[in-house]
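The values are calculated or read from the model by the stated rules, or taken from the named source; none is laboratory data. What you see is a predicted model, and the numbers here were worked out from it, not measured in a lab. Virtual Cβ from ideal backbone geometry, glycine too; neighbours counted across all protein chains shown.
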Amino acid sequence: KKKKKKTHVSIELRMKRTQEQGQSEPDAKRLRITKDEASSLKSSPSSSTDRIDIIERYYTEYVSVGKRETNRYDYTGLHQYAQLHSNGLIVVGLTKAHPLLSHGKKVSKVEWDIKAKKSEVHGKHKKGGLRCEPHTPICTLVCTDGSKYPARAGVKGILVEINDQLDASPNLINEKPRHAGYLCIIRMNKRQKMAFRSQVVSHEEFYKAETVDAKTT
C-alpha cells in the first residue's frame with residue numbers, strides 16, 4: 001500500500017494580518033506549511049490569546065538584543081523579536097520591551113531604508129534580495145513626539161519582504177507588534193541557520209534578564 005504523500009499548501013506569512021482584518025481566506029503566497037496548520041489558522045478565533053497561541057505553536061520566538069561589533073556598528077539595545085519558523089523564515093518586529101513600546105510612544109511614520117525598500121526576491125527559492133547582517137538597517141520608526149528609532153535586521157540572512165502595510169497603517173506597530181505590526185521577513189540558508197543562535201537569546205532568557213534588571217535599578 002502506497003504511503004500518502006504529505007500535503008502542503010502555500011499560505012501568506014502575513015496570515016496574522018488577514019485574520020485580524022476578518023478575512024476568511026489568507027492569501028496564498030509565501031509560507032509553506034502543512035495542511036493541518038493551514039486549517040487551524042483559517043478556523044482559529046480572532047481573539048488575541050488565540051493568535052498568540054498560533055505563534056507559539058508554529059514558531060520559536062527569540063530576541064535580537066544587538067551588540068557593538070565595531071566602532072562603526074553599535075546596535076545595542078535592539079530589542080527586536082525573531083520568530084523562527086521550521087522552514088527557516090524569520091519574522092522580525094519589536095518586543096514589548098522596546099523603548100518605543102515600553103515608553104508609550106506612538107508611531108506616525110515608517111521610513112524604509114532605500115536598499116530594503118528596493119529589495120526584491122524572485123523564483124521558487126526566493127533568489128535575490130538584500131543580504132542582511134544583524135546591523136543592516138531596515139527602517140526608521142518616526143513617533144508623534146518627533147523621536148526616531150532605527151530598526152535593523154537583527155539576524156543574518158536574505159530580506160524576503162518588508163511589511164509595506166505599515167506605510168498606510170504605522171499604528172499596527174503599537175496595536176499588534178507581534179502580529180500585523182511586524183517589520184520584515186528574512187530567510188536563512190543552512191550556514192546562516194547554524195550561526196543564528198549566536199545572534200539571539202531565547203524569549204525566556206531575555207524576559208528573565210529584563211525582570212532582574214528592573215529589580216536592580
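Within the group N171, N163, N189, which residue is polar (S, T, N, Q), surrounded by fewer than 16 Cβ atoms within 10 Å (Cβ to Cβ) and at pLDDT 95 or above? Full working, then the answer.
Values: N163 fails: surrounded by fewer than 16 Cβ atoms within 10 Å (Cβ to Cβ); N189 fails: at pLDDT 95 or above.
The conditions single out N171.
Condition check ((1) in contact with a Pro (Cβ under 6 Å, 6 or more places away or on another chain); (2) part of a strand (DSSP E or B); (3) closer than 25 Å to V201 by Cα; (4) small (G, A, S)) across all residues:
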{"site": "L101", "(1), (2), (3), (4)": "no, no, yes, no"}
{"site": "K117", "(1), (2), (3), (4)": "no, no, no, no"}
{"site": "I138", "(1), (2), (3), (4)": "no, yes, yes, no"}
{"site": "G146", "(1), (2), (3), (4)": "no, no, no, yes"}
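There is at least one residue in the range 181-196 that is assigned to a loop (DSSP other than H, G, I, E, B) and among the hydroxyl-bearing types (S, T, Y). Scoring V142 on the criteria (1) free of Cβ contacts under 8 Å to residues at least 60 places away in the same chain; (2) within 12 Å of the chain's Cα centre (by Cα) leaves a single failure, condition (2). Filtering the range 157-174 to residues that are not in a helix (DSSP H, G or I) and not β-branched (V, I, T) leaves G157, L159, E161, N163, D164, S169, P170, N171.
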